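This report concerns only the one structure given below.
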Amino acid sequence: MDDQPPEDSKLTRSKEAWARSGKFLTGQTSRPESERLPPGQHLTRDWPVLDLGLKPDVTLEDWRLRIDGLVSRPATWSFQALLAQPQSQPVSDIHCVTTWSRYDNHWDGVLTRDLVLAVAPKDEARFVVLHSYDGYTTNLSLDDFAHEGALLAHGWEGAPIAPEHGGPVRLVVPHLYFWKSAKWLRRIEFVAADRPGFWEERGYHNRGDPWAEERYS
Ligand SMILES: Nc1nc2c(c(=O)[nH]1)N[C@H]1C(S)=C(S)[C@@H](COP(=O)(O)O)O[C@H]1N2
Ligand SMILES: [Mo]
């Protein structure tokens, strides 16, 4: 008996149409599950607290973010002003240099890309220095700062970011080790020349790519 293809069902016709129109294509790439965890990392379900231990007391009312240095439109944002910027809800994994990683964090806040559009860095601006309310600093190239998925986060898993995790507002730079993600953000300074921050001056890598295991300098 010859193999006859079955008559096209409605579903088959729909699926052919999806193929022609590219339905469900996100245009995004994903790493295979086996490559999702960077080398030397292990998964944790909880979210550890790591910092200098100087938990600063900064309320929503008092919080201000200064954005200055080599920008055409310097700004000082209150929390209200931050909420008036375009809001995004990216999802990303955390990779801490102390070897824990945490998958699928749902953030709420302002993409650093949108912040860059708002303040318009001058041509000479090549790096940013992040300054925090506890005196912590860290440095990023402008490209890493404005990288896809990076944001000024005020929400995590549908709730305000807890004070111990850097609330009211922290940076999240998911493609680099988590020490680059400054908590209790106070100032973003755009500069021409790179300037190492707290951990970068203390033996940690200047860039901190977890996939390249850029842990130490
Ligand atoms: N202001 C500030 N930000 C900081 C730090 C800090 O000490 N002060 N520690 C960094 C380090 S080393 C890590 S691993 C993460 C930890 O963030 P978490 O406590 O929310 O997990 O915050 C980073 N951002
Ligand atoms: Mo860390």
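Observations, loosely collected:
- Range in the chain, longest, excluding exposed GluC sites (Glu not before Pro) [loop by DSSP; at most 13 other beta-carbon atoms within 10 Å]: 62-123
- Dipole-positive endmost among H106, V116, I161 within the range 103-169 (Cβ charges, Cα centre): V116
- When you filter the trypsin sites (Lys or Arg not before Pro) in the range 65-171 for DSSP loop state and at most 14 other Cβ atoms inside 10 Å of their Cβ, you are left with K122.
- Sequence-separation-based contact order of the range 79-177, relative, with Cα cut under 8 Å and 6+ spacing, percent: 28
- Theoretical gain in end-to-end length, E157 to R215 [0.36 nm per residue, Cα-Cα removed]: 18.1 nm
- With distances taken between every two different alpha-carbon atoms, the chain has a Kirkwood hydrodynamic radius of 19.1 Å.
- Angle in degrees between helix 10-21 and the longest Cα principal axis of the chain, rounded to the nearest 10: 50
- Evaluated with a Cβ-only charge set (Lys, Arg +1; Asp, Glu -1), the chain carries a dipole of roughly 460 debye about its Cα centre, given to the nearest 20.
- In order along the range 80-96, the Karplus-derived 3J(HN,Hα) couplings, from 6.51 cos²θ - 1.76 cosθ + 1.60 at θ = phi - 60°, round to 4, 5, 5, 5, 7, 7, x, 9, 9, 10, x, 10, 8, 9, 9, 10, 9 Hz, and Gly and Pro are given as x.
- Taking each residue as 0.36 nm, the span from Q87 to R207 lengthens on full extension beyond its C-alpha to C-alpha distance by 40.5 nm.
- Note on the range 25-90: Rg/Rh from Cα positions, Kirkwood definition for Rh, rounded to two decimals, is 1.10.
- One Cα centroid belongs to the range 109-131, the other to the range 156-175; the line between them spans 19 Å.
- For the range 62-181, Kirkwood radius (reciprocal of mean inverse C-alpha pair distance, Å): 14.6
- Three principal axis extents of the range 67-122 based on alpha-carbon atoms, in descending order, are 39, 22, 17 Å.
- At R0 = 41 Å, FRET efficiency that the Cβ-Cβ distance of L117 and H42 yields, to 0.05: 0.65
All of the numbers you see were taken from the coordinates with simple rules; none came from a lab. A quick note: this is a predicted structure, and the numbers were derived from the prediction, not measured. Glycine gets a Cβ as well: all are built from the backbone with ideal geometry, and neighbour counts include every protein chain shown.
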